[in-house]
1. What pairs come out if I take residues in the range 340-355 that are among the β-branched types (V, I, T) and pair them with residues that are in a strand (DSSP E or B) whose C-beta lies under 7 Å away, six or more apart or interchain?
2. Show the residue pairs that are 6+ apart or on different chains and have beta-carbon atoms under 8 Å apart, the first residue being within the range 384-401 and among the basic types (K, R), the second being surrounded by 13 or more Cβ atoms within 10 Å (Cβ to Cβ).
3. Going through the range 478-498 one residue at a time, which ones are over 25 Å from E368 (Cβ atoms) and either assigned to a loop (DSSP other than H, G, I, E, B) or outside the structural domain of E385 (by TED's automatic domain parsing) (or both)?
4. Quick test of your reading of the structure: F475 fulfils all but one of (1) part of a loop (DSSP other than H, G, I, E, B); (2) crowded, with 16+ Cβ neighbours inside 10 Å. Name the failing condition by number.
5. Among the residues that make up the range 426-445, is at least one of them part of a helix (DSSP H, G or I) and farther than 21 Å from D148 by Cβ?
6. If I go through the range 460-472 residue by residue, how many of them are of a type in the set (D, E) and crowded, with 19+ Cβ neighbours inside 10 Å?
7. In this structure, does W507 turn out to be part of a helix (DSSP H, G or I) and either out of contact with any helix residue (DSSP H, G or I) (no Cβ under 8 Å at 6 or more places or on another chain) or among the β-branched types (V, I, T) (or both)?
8. Identify the residue in the range 519-549 that is among the charged types (D, E, K, R) and surrounded by 13 or more Cβ atoms within 10 Å (Cβ to Cβ) and, among all such residues, is modelled with the highest pLDDT.
Amino acid sequence: MQGGIVCVSYLSPYLFLAVFVIVLSFLPRYGRRGLEGNDKKEFFRSICLILAFTSTSLLLVRVFPNLSSVLVSAVLVFWIGFYSQGYRVPRSLKLFLLSGIAIYLAREGVCIHFLSSLTGGYYYLSFLAIPLTVLWIVGISNSLVILDEVEGASLGVSLIASTVFGLVAYMQHQGLWDAIALSSLTAIFCAVLIVVKGGRRLGEGFSSMLGFLLATVAILGVLKRTAFLTLLIPIMILGVPLLNSSYAVVSGYIHPLASTFSDRKKRLYHHLLAMGLGEREIAFLIHILSLYLGIGALLLFKFPSVYIALFIPLGALFLIRGYTRFFSGTFSSVAEQGMRRRILGIRVDNISLEYALGRIEAFLRDGETHMIITPDSPAILTALEDEEYRKILDEADMVVPDGIGIVIAGRLLGQPISGRLPGIELMGAILRRASFHSRRVFLVGAKKGVAKRAAFNMKRAFPGIEIVGVSDGYFDKRGEKELIERIRRSRPHYLFVGMGVPKQEKWMYRNRHLLRVPVMMGVGGSFDVWAGDIKRAPLLLRKIGLEWLYRAILEPWRIRKILKLYRFALLLIINLLKGSGESEN
């Protein structure tokens with residue numbers, strides 16, 4: 001009977017949290033009325049994951065009752081971050097709540113009481129114990145959120161760190177079974193997240209919770225030194241803005257191009273993007289670095305030495321340098337071979353989504369105005385007939401292959417293009433990154449009211465973005481002057497223009513010096529899709545390149561555009577008989 005009462009006392013906080021999560025799932029913002037499609041699936045997937053973590057934690061609490069406060073706090077940290085994804089929660093409030101949870105844990109005994117030195121001595125903290133514990137927990141939790149900017153990075157680092165923490169705790173032979181159990185639970189949960197979420201971003205909820213768990217494992221297992229190497233050093237190198245002077249030295253050493261940027265106070269991550277490395281390459285670098293430092297932490301624990309402690313960060317610097325130079329050299333050789341292609345004499349760029357996003361990051365930082373154009377096969381025909389539009393394509397900063405016809409034509413003409421990059425997908429990726437950085441967006445185009453509805457759905461999908469203005473695509477000379485003035489006053493980072501080809505490109509090109517927007521992009525009918533007026537083709541049809549057929553069936557009035565495809569095919573056959581040109585260098 002007494003055991004049953006004790007068990008209920010342990011279970012009650014988790015049962016309360018489970019009910020709390022279920023009730024919150026029906027809030028209008030997050031519930032069935034507020035989410036559609038993939039967003040709804042992602043939401044309920046996250047709810048199932050946190051409930052699975054909570055139920056698994058119950059088993060652990062029965063063996064290690066002292067972990068009850070840690071696991072309850074971890075779920076609360078998740079919910080603070082998860083709630084912040086749907087609602088704009090002030091950072092000061094999130095910091096206050098996280099600090100309060102850290103103070104609660106410190107009062108429960110999860111506290112940094114001393115620091116150890118390499119020589120084996122100890123420095124007892126006395127009255128500094130609780131403040132340092134708060135800084136430690138808040139710092140690592142927020143660091144994992146920062147690292148989540150790179151897709152898959154925070155999840156991989158968490159898995160590596162939790163595994164290393166468990167090994168070091170076991171190697172101490174001090175009976176730190178609670179730390180070993182908590183690190184094992186964290187590692188298993190990371191593995192589950194990898195299976196369920198793949199290489200996608202975790203979101204603030206899961207990333208802050210994993211950071212919180214790792215911070216508490218480090219305290220319970222007396223692993224601050226190991227945590228500093230495995231977690232904080234890669235995060236500091238790749239995530240945290242450094243001081244101008246030291247950063248100039250480090251970035252110049254890693255790659256000569258890094259020292260040419262005018263604004264030194266940037267994250268190295270952004271410089272790697274600007275050098276052309278994709279997010280996968282950057283995430284892989286972070287994983288390698290974290291694994292290397294984790295192994296270094298194991299060596300440092302087994303053979304404590306000042307020389308090893310100095311050698312490990314130095315080796316990490318060489319690792320970053322070699323990796324970035326290898327990949328930047330690879331990208332440079334690609335550039336030398338020519339990223340530009342000529343399809344029937346019209347310029348198209350052979351670039352991936354990740355490389356395009358890296359280029360866009362560089363555009364945002366050089367102080368100039370840049371144009372991105374997303375032509376499909378009918379647009380190529382328009383360029384053949386319209387000299388002004390053809391000139392704009394030649395002078396644009398990026399020309400993305402939107403249609404499958406361009407990809408097929410490129411391969412047949414000896415101008416290989418790796419794959420299509422639909423403008424709406426590039427736009428979505430830009431908005432996702434804009435949400436993470438709280439950047440400003442302005443929408444121009446479509447019929448009256450469409451851009452406004454599109455903006456509403458964009459903010460719901462990406463709560464962090466700031467839509468600073470919308471306008472339809474119908475205006476006279478006076479309205480155009482007023483619109484340009486509105487755009488200039490709002491100072492957006494991105495201007496999306498959906499007026500149709502070639503009107504949108506000509507409008508952006510003509511007014512580029514007046515608008516002074518870092519990134520302008522023609523998006524055609526994307527606003528209609530975002531507004532919900534037009535549905536995209538099912539994923540299977542998109543993958544096999546038949547989205548155009550789906551659109552033709554749903555929108556028979558587009559028959560003129562469909563007929564252009566036959567003309568495009570005829571010109572392609574004629575060019576094949578004549579022979580094809582060469583790619584540009």
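The values are calculated or read from the model by the stated rules, or taken from the named source; none is laboratory data. Not measured: the values here are computed from a predicted model. Glycine also receives a Cβ, built like all others from the backbone with ideal geometry; neighbour counts cover every protein chain displayed.
1. Pairs found: V348/R341; V348/V399.
2. Within 8 Å, the pairs are R390/I346; R390/A383; R390/L384.
3. none
4. Going through the list (1) part of a loop (DSSP other than H, G, I, E, B); (2) crowded, with 16+ Cβ neighbours inside 10 Å, F475 breaks only (2).
5. From the range 426-445, those part of a helix (DSSP H, G or I) are 426-437; that's our starting set.
Add one more test, that the residue is farther than 21 Å from D148 by Cβ, and what stays is 426-427.
The answer is yes; a qualifying residue exists.
6. Final tally of qualifying residues: 1.
7. Values: part of a helix (DSSP H, G or I): yes; either out of contact with any helix residue (DSSP H, G or I) (no Cβ under 8 Å at 6 or more places or on another chain) or among the β-branched types (V, I, T) (or both): yes.
Judged against the criteria, W507 is a match.
8. Initially, the range 519-549 is screened for residues among the charged types (D, E, K, R), giving 528, 533, 535-536, 542-543, 547.
So of that shortlist, the ones also surrounded by 13 or more Cβ atoms within 10 Å (Cβ to Cβ) come out as 528, 533, 536, 542, 547.
On the way: D528: 91, D533: 86, R536: 80, R542: 73, E547: 73.
Ranking the candidates gives D528 first.
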